[in-house]
Structure formats: C-alpha cells, structure tokens
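Inspection log for the structure reproduced underneath, given as structure tokens.
Values in this text are rule-based calculations from the coordinates and carry no lab data. Not measured: the values here are computed from a predicted model. Positions of Cβ are backbone-derived with ideal geometry, glycine not excepted, and every protein chain shown enters the neighbour counts.
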Amino acid sequence: MALQLGALRDALLEAGVSEDKARKAAEEMAGYENRLASIDTRLSVLTWMAGTNIALTVAVLFKVFH
C-alpha cells in the first residue's frame, strides 16, 4: 500500500466517496506532496548556491578593483 494522507481519505469517506476512490485520491495527493517537498528542497539548495556565487563574485571584484 502506498503512502496516504489519512485526513483527506477520512474526509472523502465522510463526504460519501467510495472506499477505493478515496484511497486512490489520498495516495495521489500524497505523491504530489512528496514532489512539492522535493522541489522545495532543490530550490533551497539553488538559492544557497546563487547567494554563495554572488558573495564570492563581489569579493573577487572588490579585491580586483580595490
């Protein structure tokens, strides 16, 4: 069984959705949540890389022209 979002599954069941459809929807949403977390991690790394690059570039330019 794949990862599920329990609260979403329970809410869908209370809304009258069949057990199978509620399970599939919860599994699909959990997959999207994992993808978004992965993208967020990559974006954080890229932000740090860009910041480091800018800081080093400014330091080199300051050293060259000062």
Stretchable slack from Ala37 to Val60, in nm (0.36 nm times residue separation minus alpha-carbon distance): 4.8 nm
Give the label of the value calculated from the structure for Rg/Rh (Cα atoms, Kirkwood Rh), choosing from (i) 0.92; (ii) 1.49; (iii) 1.17. (ii)
Listed with the fewest Cβ neighbours within 10 Å leading, Lys21, Lys63 appear as Lys63, Lys21
How large is the dipole of the chain about the Cα centre if only Lys and Arg carry +1 and Asp and Glu carry -1, each at its Cβ, rounded to the nearest 20 debye? 460 debye
